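First the structure, in the form of structure tokens, and then the observations on it.
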Amino acid sequence: MANEKEHERESEGLSEVAGFQQFEFALTEALILQLIDCLDGLDKAPLDLVQVEKIPNGQGVYQLYLDDRLEYIGKTDTDAGLTTRLATHASKISGRPNLRGRVSFKAVQVLVFSAMELETLLIRHYKNAGSPMSWQHSGFGSNDPGRQRDHTKYKEAHFDLRHPIDVTEDLAQPLVIAAGSTVREALDMLKAALPYNFRYERSAELDAVLENDIRLSSAADGLRQLLPLLPADWQATRLPGYVILYPEDRGYDHGEVIAKS
């Protein structure tokens with residue numbers, strides 16, 4: 001605080017020096033105005049892997065639209081670039097039946113400056129301009145909340161509650177699991193193929209071996225085939241945005257039991 005007052009006094013004194021004036025360039029403000037012009041001038045592209053993989057995987061900012069409504073603004077750094085982040089969102093959207101084919105994006109790679117502060121300024125600008133931005137603080141960009149949050153009571157506006165997964169039509173193509181594979185290996189394959197998170201307890205009981213080939217057409221179909229191979233008391237549950245599998249017999253506020261062993 002003392003340093004700030006000293007700086008103010010010094011500035012006041014310098015302002016009276018003949019032939020001299022201090023100048024501070026509002027760099028961020030100038031950048032954000034150009035960035036808004038750039039985004040507003042872009043056409044939207046469908047949010048799918050074909051389009052996303054065409055862009056560089058660098059740092060930047062992006063917008064997501066539902067139909068023609070701006071719903072989300074995000075940022076990414078060089079560690080998790082635009083391609084990586086948008087591909088994650090595209091996968092998430094593909095698992096939501098009421099969103100498929102309706103979401104598009106705009107993305108701008110920011111070559112020099114950090115995108116961190118720009119996101120906040122963009123959100124403020126577009127909210128003030130009347131964009132709904134209903135996904136912005138709705139849990140859309142959240143990672144797996146972890147076991148301790150499985151009983152969370154969702155607010156009505158939560159993204160997963162408004163756009164839930166469908167465990168009966170979630171695989172791009174059927175999975176064939178060969179005889180001799182373990183249940184653990186089958187679950188790992190299923191997890192890798194699903195467009196949402198699938199979390200399960202890593203138990204020795206998952207080492208049970210399949211005696212015959214099985215064909216999985218969806219998460220629900222696969223879990224109903226695999227759970228009979230496990231000891232009693234395992235339960236697969238669909239929550240609004242992900243699936244869990246644990247040795248338990250319990251209900252969840254926003255959950256639906258898929259299968260039990």
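Across the stretch 172-196, what is the total count of residues that are surrounded by 15 or more Cβ atoms within 10 Å (Cβ to Cβ) and under 22 Å from R100 (Cα atoms)?
7
Scan the stretch 67-88 residue by residue and report those that are surrounded by fewer than 18 Cβ atoms within 10 Å (Cβ to Cβ) and touching a residue at least 60 places away in the same chain (Cβ under 8 Å).
Scanning the stretch 67-88 gives a single hit, R69.
Given the conditions (1) outside any strand (DSSP E or B); (2) open to solvent by less than 30 Å² (accessible area, probe 1.4 Å); (3) of a type outside the set (K, R), report the number of the one that P231 does not fulfil.
Among (1) outside any strand (DSSP E or B); (2) open to solvent by less than 30 Å² (accessible area, probe 1.4 Å); (3) of a type outside the set (K, R), P231 violates only (2).
Please count how many residues of the stretch 84-115 are assigned to a helix (DSSP H, G or I), touching a helix residue (DSSP H, G or I) at 6+ places or on another chain (Cβ under 6 Å) and not small (G, A, S). Explain how you work it out, then say what you get.
Taking the stretch 84-115 and keeping what is assigned to a helix (DSSP H, G or I), we get 84-94.
Then drop every residue that is not touching a helix residue (DSSP H, G or I) at 6+ places or on another chain (Cβ under 6 Å), which leaves 86-87, 90.
Among the residues that remain, those that are also not small (G, A, S) are: 86.
Summing the residues that are assigned to a helix (DSSP H, G or I), touching a helix residue (DSSP H, G or I) at 6+ places or on another chain (Cβ under 6 Å) and not small (G, A, S) in the stretch 84-115 gives 1.
Hey, can you tell me all the residues within the stretch 237-257 that are under 18 Å from H163 (Cβ atoms), assigned to a strand (DSSP E or B) and open to solvent by less than 40 Å² (accessible area, probe 1.4 Å)?
Matches in the stretch 237-257: Y242, V243.
With the checklist (1) surrounded by 17 or more Cβ atoms within 10 Å (Cβ to Cβ); (2) in contact (Cβ under 8 Å) with a residue 60 or more places away in the chain in hand, flag the one item E169 doesn't pass.
Going through the list (1) surrounded by 17 or more Cβ atoms within 10 Å (Cβ to Cβ); (2) in contact (Cβ under 8 Å) with a residue 60 or more places away in the chain, E169 breaks only (1).
Given the structure, is A129 within 16 Å of R69 (Cβ to Cβ), over 19 Å from the mean Cα position of the chain (by Cα) and among the aliphatic types (A, V, I, L, M)? Break it down into steps so the answer makes sense when it comes.
Values: within 16 Å of R69 (Cβ to Cβ): yes; over 19 Å from the mean Cα position of the chain (by Cα): yes; among the aliphatic types (A, V, I, L, M): yes.
In short, yes.
Quick one: how many residues across the stretch 41-62 are under 11 Å from K106 (Cβ atoms) and exposed (fewer than 11 other Cβ atoms within 10 Å of the Cβ)?
2
Pairs please, first residue from the stretch 219-237 and on the phi > 0 side of the Ramachandran plot, second anywhere and small (G, A, S), Cβ atoms under 9 Å, 6+ apart in sequence or on different chains.
If the second residue must be small (G, A, S), the pairs left are D233/S261.
Quick check on my filter: what residues within the stretch 198-216 are outside any helix (DSSP H, G or I) and buried (at least 18 other Cβ atoms within 10 Å of the Cβ)?
Of everything in the stretch 198-216, those that are outside any helix (DSSP H, G or I) and buried (at least 18 other Cβ atoms within 10 Å of the Cβ) turn out to be F198, Y200, L210, I214, L216.
Considering only the stretch 147-166, state which residues are assigned to a loop (DSSP other than H, G, I, E, B), surrounded by 14 or more Cβ atoms within 10 Å (Cβ to Cβ) and not polar (S, T, N, Q). Give the derivation first.
Within the stretch 147-166, the first condition is being assigned to a loop (DSSP other than H, G, I, E, B), and the residues that meet it are 150-158, 163-166.
With the extra rule that they be surrounded by 14 or more Cβ atoms within 10 Å (Cβ to Cβ), the set shrinks to 150, 152, 154, 158, 163-166.
Matches in the stretch 147-166: D150, Y154, H158, H163, P164, I165, D166.
Testing P164 on (1) more than 18 Å from S91 (Cα to Cα); (2) touching a Lys or Arg at 6+ places or on another chain (Cβ under 8 Å); (3) not hydroxyl-bearing (S, T, Y), one condition comes back false. Which one is that?
With (1) more than 18 Å from S91 (Cα to Cα); (2) touching a Lys or Arg at 6+ places or on another chain (Cβ under 8 Å); (3) not hydroxyl-bearing (S, T, Y) applied to P164, the lone miss is (1).
Which of (1) touching a strand residue (DSSP E or B) at 6+ places or on another chain (Cβ under 6 Å); (2) open to solvent by 20 Å² or more (accessible area, probe 1.4 Å); (3) hydrophobic (A, V, I, L, M, F, W, C); (4) not in a strand (DSSP E or B) is the odd one out, the single condition L122 does not satisfy?
(2)
Would you please name the residue that is modelled with the lowest pLDDT, looking only at residues in the stretch 48-82 that are under 19 Å from G141 (Cα atoms) and of a type in the set (S, T, N, Q)?
T78
The values are calculated or read from the model by the stated rules, or taken from the named source; none is laboratory data. Source: prediction; values computed, not measured. Here the Cβ is made from the backbone with ideal geometry for all residues, glycine too, and neighbour counts use every protein chain on show. Areas reflect the complete protein model, heavy atoms only, side chains present, ligands, DNA and RNA absent. Shrake-Rupley method; radii C 1.70, N 1.55, O 1.52, S 1.80 Å.
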